[in-house]
Amino acid sequence: MRYANISGWGKCLPPAELSNDDLSTFLDTSDDWIQSRTGIRTRRIAHVNTSDMATVAARHALAAAGLEPGDIDGIIQATASPDSLVPSAASAVQRNLGIASAAVFDLNAACTGFLYGLSVGSALIRAGSLNRVLVIGAERLTHYLDWTRRDTAVLFGDGAGAVVLEASDAPVGLLADKLGCDADARDILAVPDSGTCRTRFAHVDGLFEVNFEGQEIFKRAVRGMGEAAAFVLEQAGVSPKHIDLLLPHQANVRIIETLAKKMALPPEKVMINIADYGNTSAATVPIALCEALEQGRVRPGALLLTAAFGAGLTWGAGVIRWGERVTPLGHSDAALPPCEHSALQLLAPAIEGCRQANR
């Protein structure tokens, strides 16, 4: 039987940081207000396209796996904010890496996207269709935010994370997973005026309203992730006490703490980094995984549990058996081009545009 081992990992975070105090210069908010409700202190603002961040994360993941780009035969990019819908952002990553031939596609399950990509990539390897797959979560959601709306402007950040999946005979990688969608509630977290439902030639170009019903999202997120996590634990034949580390989607610290409490997991078994990056959507789980490895919180053979939810309302969970290696085989010097502006300077045109549009 073939398994899909995670043999490489990498992340990319743009350098420009937007703090809560920065947000308070143009929104009616404060550091205390944001931290008490979300757990977020700061977030990153990209000065490049989504595929650029994805490419840097992918190069680090390839180096960690000791592979060259030509060794990859599949790329799955999970994103709700691609450079373009046609062609896919994954094809831009393929071009940037110089891969002559590979199966590539974008996958949009919003914040649950990386977990969906991990499931699909693992299934393709287990089926024998592919041997080495890059699974990337990358987002530039700040490009679309209405910066006059406090409820959503404070939540999101930009970034990317990637893993390399390789065929293995050892029982490692994604051992159990459960994916789903609570479509009856799809409108409580949605961008309603996008895609083909958007009026052509609308007077406002590029300003999207994000419908965000926080209390209802909280309840459904905790229930959806909790039920999915319970299912995959049973499927894998383990109990919460066997889990070495919980890697949850980083949307709200209260949601993470509630999920951990339901599973009786102590803080030392829960990875939380939302304070530093905000909600990077499909990128939160792979970024958290990279940082958990950097911090020595993943040991050889560790049992990891991941869970996520996203717009739609997609949800999912997975049990991962880590392999024997927890350190990179190599390192890459890949980096984004320098950014000569602060986050506030990068956002200044968008902030003014949003103000004009909402008058």
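Descriptive notes on the structure:
- D (Stokes-Einstein, µm²/s), Kirkwood Cα radius, the chain, 1.002 mPa s at 20 °C: 106
- Here residue 129 and residue 32 are evaluated by their C-beta separation; at R0 = 51 Å the FRET efficiency comes out at 0.50.
- Packing here is the average count of other Cβ atoms within 10 Å per residue, and on that basis the peptides 329-342, 104-117, 290-303, highest first, run 104-117, 290-303, 329-342.
- Burial ranking of peptide ranges 132-145, 56-69 (average Cβ count within 10 Å, highest at the top): 132-145, 56-69
- Taking amide hydrogens as placed 1.01 Å from N in the peptide plane, the amide H of residue 132 sits under 5 Å from those of 73, 74, each at least 5 positions away in sequence or on another chain.
- The local environment of residue 289, defined by Cβ-Cβ distances under 11 Å, has a net charge of 0 under the rule Lys, Arg +1 and Asp, Glu -1.
- Semi-axis lengths (Å, descending) of the ellipsoid that matches the C-alpha gyration tensor of the stretch 213-281: 20, 15, 10
- Rounded to 5, the percent of DSSP beta bridges in the chain classed as antiparallel: 70
- Contour minus Cα-Cα distance for residue 183 and residue 294 (0.36 nm per residue): 36.3 nm
- For residue 47, solvent-accessible area (1.4 Å; no DNA, RNA or ligand), Å²: 50
- Along the stretch 301-311 the Karplus relation, 6.51 cos²θ - 1.76 cosθ + 1.60 evaluated at θ = phi - 60°, assigns HN-Hα couplings of x, 5, 9, 10, 10, 10, 8, 8, 8, x, 3 Hz to successive residues, with x for each Gly and Pro.
- A simple rule links phi to the HN-Hα coupling: the Karplus curve 6.51 cos²θ - 1.76 cosθ + 1.60 with θ = phi - 60°, which for the stretch 130-143 gives 9, 10, 9, 10, 8, 10, 10, x, 9, 9, 10, 5, 5, 5 Hz, with x for Gly and Pro.
- On a per residue basis, the stretch 231-359 carries 44 Å² of accessible surface, using protein heavy atoms and a 1.4 Å probe.
- Split the accessible area of the chain by element, probe 1.4 Å, and carbon with sulfur accounts for 50%.
- In the chain, the calculated helix contribution to ellipticity at 222 nm averages -10000 deg cm²/dmol per residue, counting -39,500 (n - 2.57) for every DSSP H run with n ≥ 4.
- Calculated diffusion of the stretch 205-359, Stokes-Einstein form, Kirkwood radius summed over Cα pairs, 20 °C and 1.002 mPa s, µm²/s: 120
- Long-range HN-HN contacts of residue 78 with modeled amide H, under 5 Å: 107, 136, 137, 138
- Applying the Karplus relation 6.51 cos²θ - 1.76 cosθ + 1.60 with θ = phi - 60° to the stretch 222-230 yields 3J(HN,Hα) values of 4, 5, x, 5, x, 5, 5, 5, 4 Hz, where x marks Gly and Pro.
- Spatial separation of Cα centroids for the stretch 14-89 and the stretch 236-254, in angstrom: 23
- Here's the list of lysines a cross-link from residue 11 could span, going by alpha-carbon distance under 22 Å and ignoring same-chain residues fewer than 8 apart: 269.
- Computed lengthening from residue 150 to residue 21, 0.36 nm per intervening residue step minus Cα-Cα distance: 45.1 nm
- Stokes-Einstein D for the stretch 1-152, Kirkwood Rh over Cα pairs, 4 °C, 1.567 mPa s (µm²/s): 77
- Highest GNM mean-square fluctuation among 19, 129, 51, for the chain modelled with Cα contacts below 10 Å: 129.
The values are calculated or read from the model by the stated rules, or taken from the named source; none is laboratory data. Note that the structure is a prediction, hence the values are computed from the model and not measured. Glycine gets a Cβ as well: all are built from the backbone with ideal geometry, and neighbour counts include every protein chain shown. Heavy atoms of the whole protein, side chains included, go into the accessibility calculation; ligands, DNA and RNA do not. Shrake-Rupley method; radii C 1.70, N 1.55, O 1.52, S 1.80 Å.
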